[in-house]
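Take this structure, written in structure tokens, and hold onto it; I'll ask about it next.
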Amino acid sequence: MEDQPAALIFLALQESALGHLMRASPALYPAVEILHIMGFVLLVGAITALDLRLLGLARTIPIQPLAHLLLPLSRVGFIIAVAMGFLLFSADAAHVVRNPAFQAKLLLIVAALINIVIAHTWPWRRIAKWEGEAPTGAKATALASLVLWLSALTAGRLIAYF
Ligand code: HEM
């Protein structure tokens, strides 16, 4: 495993100036982890609220203005979570990459991103024609989104136990 090209890339990242920096200062890693947590709380919090509305909760709240608030928040959260996550990863890349919980988390994030592409190229394209409630297609992608992001969160928490 160690001499495989992929493993060498992760070892190179771990031994890079960035990897050393993330391990050198006792305060930097916890600070980055706190930002990582703030990023995915914003991401998963905003997406969970929107998905529950799409699934029929709080029907008095119109979907489009709610989406205008929560979608940009989820994007900012995603960018922060991924950037800080990469920094955390760089500190111990050669080991974390073999962590089954970490691998599961990345697969779930990719699946959640594919689901976003499906949602936005299919049901969400006709959002102006929705009559108050989300159509079945939007409900289906909302349910998939809820399951995938909450599973990614769970896998992330389990990294420390593997
Ligand atoms: C964008 C969606 C993401 C979510 C929802 C997420 C979620 C989580 C969660 C819940 C934890 C546990 C935090 C704790 O209990 O302290 C965690 C830790 C971690 N995440 Fe993420 N993460 C995301 C993206 C990433 C990415 C893209 C990477 C790397 C490329 C990454 C790397 C890590 C690492 C290395 C840890 C372990 C930190 C430690 O235990 O010291 N994360 N993540």
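Find the centroid of the Cα atoms in the range 29-53 and in the range 101-141, then give the distance between the two in whole Å.
Cα centroid to Cα centroid, the span is 18 Å.
Given a 1.4 Å probe and heavy atoms of the protein chains only, how would you sort F89, F10, largest accessible area at the top?
Order by accessible area, largest first: F10, F89.
I would also like to ask the following. Just how much of T60 is accessible, in Å², when a 1.4 Å probe is used and the result is rounded to the nearest 10?
130 Å²
Related question: Run the quick spin-label model on A17 and V82: label points 7 Å from Cα toward the beta carbon, then report their separation in nm to one decimal.
Between A17 and V82, the simple spin-label model gives 2.5 nm.
Give me the dipole magnitude in Debye, nearest 20, for the range 5-161 about the Cα centre, with unit charges on the beta carbon: positive for Lys and Arg, negative for Asp and Glu. Display every interim value, and only then the final one.
Details: 11 positive and 6 negative charges, 76 e Å.
I would put it at about 360 debye.
Could you order D92, D51 by accessible surface area, starting with the largest, using a probe radius of 1.4 Å? Before the final figure, lay out the partial values.
Details: D92 60, D51 10 Å².
Ranked list, largest accessible area first: D92, D51.
Here is a follow-up. Could you quote the convex hull projected area for the range 5-161, Cα atoms only and averaged over all directions, in nm²?
10.1 nm²
What part of the accessible area of the range 1-134, given as a whole %, is carbon or sulfur when the probe is 1.4 angstrom?
Percent of accessible area from carbon and sulfur atoms in the range 1-134: 75.
Among L50, L73, F102, pick out the residue whose Cα is farthest towards the positive end of the charge dipole of the chain, where Lys and Arg carry +1 and Asp and Glu carry -1 on C-beta, about the Cα centre.
Working it through, the farthest residue towards the positive pole turns out to be L50.
Taking only protein heavy atoms and a 1.4 Å probe, what accessible area per residue, in Å², does the chain have with all protein chains in place?
Averaged over the residues of the chain, the accessible area is 58 Å².
For E133 paired with L71, estimate the spin-label separation in nm (one decimal), with each label point 7 Å from Cα along the Cα-to-Cβ line.
Each label point is offset 7 Å from its Cα along the Cβ direction, giving 2.2 nm.
Run the quick spin-label model on L150 and I61: label points 7 Å from Cα toward the beta carbon, then report their separation in nm to one decimal.
Those two pseudo-labels are separated by 1.6 nm.
Using alpha-carbon pairs under 8 Å, 6+ residues apart, how would you state the relative contact order of the range 5-161 in percent? Each step should come with its number before you reach the end.
Details: 167 pairs, mean separation 50.0, N = 157.
With pairs under 8 Å counted, the relative contact order is 32 percent.
The values are calculated or read from the model by the stated rules, or taken from the named source; none is laboratory data. Remember, it's a predicted structure, so these values are computed and weren't measured experimentally. With ideal geometry, Cβ positions are generated from the backbone for all residues, glycine too; neighbour counts draw on all protein chains shown. Keep in mind that these areas ignore ligands, DNA and RNA; they rest on the heavy atoms of the full protein, side chains included. Shrake-Rupley method; radii C 1.70, N 1.55, O 1.52, S 1.80 Å.
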